1. Give B:105, B:136, B:113 a once-over and let me know the one that is in the same structural domain as residue B:171 (by TED's automatic domain parsing), of a type in the set (Lys, Arg) and out of contact with any strand residue (DSSP E or B) (no Cβ under 8 Å at 6 or more places or on another chain).
2. Please work out which residue is surrounded by the most Cβ atoms within 10 Å (Cβ to Cβ), limiting yourself to region B:139-158 and to residues that are in contact (Cβ under 8 Å) with a residue 60 or more places away in the chain and within 12 Å of the ligand (Cβ to nearest atom).
3. I'm trying to understand the selection: among the residues of region C:296-314, which are under 24 Å from residue B:150 (Cα atoms) and open to solvent by 40 Å² or more (accessible area, probe 1.4 Å)?
4. With the checklist (1) closer than 19 Å to residue B:178 by Cα; (2) of a type in the set (S, T, N, Q); (3) not assigned by TED's automatic domain parsing to the domain that holds residue B:189 in hand, flag the one item residue B:64 doesn't pass.
5. Report the residue count in region A:20-51 for those that are open to solvent by 30 Å² or more (accessible area, probe 1.4 Å) and within 10 Å of chain C (Cβ to nearest Cβ).
6. Would you mind telling me which numbered condition in (1) touching a Ser or Thr at 6+ places or on another chain (Cβ under 7 Å); (2) more than 16 Å from the ligand (Cβ to nearest atom); (3) open to solvent by 70 Å² or more (accessible area, probe 1.4 Å) residue C:154 fails?
7. Take residue C:373 and decide whether it is aliphatic (A, V, I, L, M), open to solvent by 20 Å² or more (accessible area, probe 1.4 Å) and under 22 Å from residue C:288 (Cα atoms).
8. Looking only at residues that are aromatic (Phe, Trp, Tyr) and open to solvent by 40 Å² or more (accessible area, probe 1.4 Å) in region B:165-195, which one is farthest from the ligand (Cβ to nearest atom)?
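The values are calculated or read from the model by the stated rules, or taken from the named source; none is laboratory data. As the structure is a computational prediction, the values presented were derived from the model and not from experiment. Here Cβ is always computed from backbone atoms with ideal geometry, including for glycine, and neighbour counts include all displayed protein chains. Note: accessible area is taken over every heavy atom of the protein model, side chains too, but ligands, DNA and RNA are not part of it. Shrake-Rupley method; radii C 1.70, N 1.55, O 1.52, S 1.80 Å.
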Amino acid sequence: MAKETVSKNTFKNLPPGVCVPWEQKAKELGEIKGDPEIIKNQWEQLDAFAYMYLWWWVQR
Amino acid sequence: MVNLTDELSIAIAELDGDKVMALVKERLQAGVKPLEIVKKLQDGMTRVGELFETGEFFLSELINCGEIMKGAMAELEPILAGGGQGYRGNIVIGTVKGDIHDLGKNIVVMLLKGTGYNVIDLGVDVAPERFIEAVKENNAPLLALSVLLTSCLDSMKEAVTKVKESGLDVKVLIGGPIIDDNFREYCGADFSSNIASEGVKIAEKVFA
Amino acid sequence: MADDKLKLYEERKKRFLAAMNLEKPDKVPVRLSLSEFVAKHAGYTLQEIYYDLEKNIDSINKLLTDFDLDAITGAPSLWWAGLHDAVGAKYLKFAGRELDPNTQFQYHEEAYMLPEDYDAFIENPTEWILNTFLPRLHEELSEPGSYRANLSLIKGAAGMAMQQGMNKKAWATWAAEYGGVPAFTAMSKAPFDTLADTLRGLTGIMLDLYQRPEKVKAALEVLIPHNIFYGMATSGGEMEFPLFMPLHRGSFPFLNPKQWAEFYWPSLKQVIEAFWSKGKRTLFFAEGNWTPYLESIAELPEKSIVFHVDMTDMAQAKKILGGRFCLSGNVPNMMLAYGKPEEVRDYVKRLIDEYAGDGGFIIDAAAVIQGDAREENIRAIIETAREYGVY
Ligand code: B12
């Protein structure tokens, strides 16, 4: 088996569908000049896609 | 049903892994012959097999028992003089080519080992040629095949046919949940069953 | 959509939905869980359907042209072998590469999750999957951060999107051009199966039940919302057709009754109830024998599942679940492969006589139909249901 060590998690207790929560990203982005909802929406969609990819390998 | 009196046999039948390991070590230190210890372990395992057949035990208990046995055998095998001796005979077993289901087969292996046979387990997805080789190498009077997928029934037939054609003096037992007498005839096998413990009874006949 | 095909689609859909709602349709619906048989019928090798998405999809066009089915389970191969090669996925072997071009794919089960992984998994399973699980499962990702590893993530994710996009288009075509109705439109698993199938493996989970039962329970608890989310996400908002749930390790005789009641059932029940509360029904694809658990299954909300009978005692299932849930099944696969059409006909007639009388019944094989099934036997199922299954 390639990797025996368990890596440490960056996040804890995230809800399903989330890899990197928008709240975290929003903090890193700082000031948002336009409508944050638009940005949040797109962030969450792609984040959920990544989530589905990861779980796709488990749910089979 | 066997009546267990030995502490080690009872410990394995009760799936008490810690106790089994402690007793094995204790007895080895006290100078008990490894083969005798194996015998006690086998008695316990046979009981577990019986409890499975009567519906009191489930696969979870069987697998747990199998792992405890593995742990105990890892202690014992290095000191078992030359292996081989003390066995009632050699049996080759495997799941046929194309099929990778092995839980049922593993139960049969466990029961056969428990009754004292030397079982050569070839695993899953086994080609006919490998069965033939193993029977030859081990001079085994009995070959047992397992299958679960209906789509691999022809693969089972092929294995039986090739073994028979090879001219080896070996009886063939086929088993699995979908196996019946009709199919035994179709395959040209000597025995068939869909119950693991039947496998032991058939072995008794072959080795009688 | 051509008018006649649209009409056919609506007719079949109505029939299929009526049965699942415990009503009497015009005829007993036929839904066949066809896999490798479809490839054989279309004249493709298994390597072709595992590796070539277009052939995998095209084989259904041929199926729908030749057979009158009320619902179909989709392209015969769930997996795209090319994508598995791109990431180096270890747990499946495919025809044409490791195996002869016309053999069934094979699983290589292993404990890709180790006992010491439980804590990290429970804390954040998603992150654990990417950091620890995938590098073990995917050869190409074995050195995270390397060129090959990064590529495998790009190819894997792109591959999933490509495969899903093609399947989506295919379903639209099957509906429009052939009146093909989906047997299900989403997928999820029992939390215990998620843990036991791909993560811990069978031996691993069985030992965990004795050695670390509390960790198992905590992991199951964590999985519940993920399995609910996964099901709803794969449904893509489609709510009329059921969600497919293949059930593995809960059949008899895997777990003892106490373990079943403690580890298997509570989390599964929660997942199914959550789907139902959102309006999504579950196709409870009970592989193997579930007879000892029927009383518990009857606790689920009325109509929330379709109970599929493989080796479960059909008479018991009818007695305990009938009138509560639609039942489906259970023409033996052995008969489809080695029996004669007359036997199949008699079996289907008997199913209809004994179980379909008051509606709420769907004809299917017991298990997934592989390449060994004979065409005349498949025809015999359909013809008998059409002639004899009129209400
Ligand atoms: C566990 C399982 C798996 C596991 C296997 C794990 C493993 N290490 O074995 C995994 C997930 C890997 C798997 C894979 C697949 N499986 Co599977 N699997 C099952 C399942 C759920 C249980 C089988 C089992 O182990 N039963 C418990 C054991 C103890 O029982 P048993 O094997 O019958 O053994 C008893 C007797 O038969 C007898 N016995 C067995 N062998 C022998 C031999 C001798 C000599 C004797 C005397 C007695 C004997 O002794 C045992 C105890 O009494 C069954 C459904 C079911 N519940 O039966 C499907 C099932 C067998 N699988 C099926 C299928 C289709 C597959 C797959 C093709 C993929 C898929 N579409 O699901 C792949 C096959 C890949 C391949 N090439 O083989 C189908 C087969 C359908 C058919 N047409 O034949 C079934 C029936 C499920 C279904 N309803 O669709 N599977």
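1. B:136
2. If we take residues in region B:139-158 being in contact (Cβ under 8 Å) with a residue 60 or more places away in the chain and within 12 Å of the ligand (Cβ to nearest atom), then B:156 is surrounded by the most Cβ atoms within 10 Å (Cβ to Cβ).
3. C:311, C:313
4. Every listed condition holds for residue B:64 apart from (1).
5. 3
6. Single failed check for residue C:154: (1).
7. Taking the combined requirement at face value, the residue does not satisfy it.
8. Among those that are aromatic (Phe, Trp, Tyr) and open to solvent by 40 Å² or more (accessible area, probe 1.4 Å), it is B:186.
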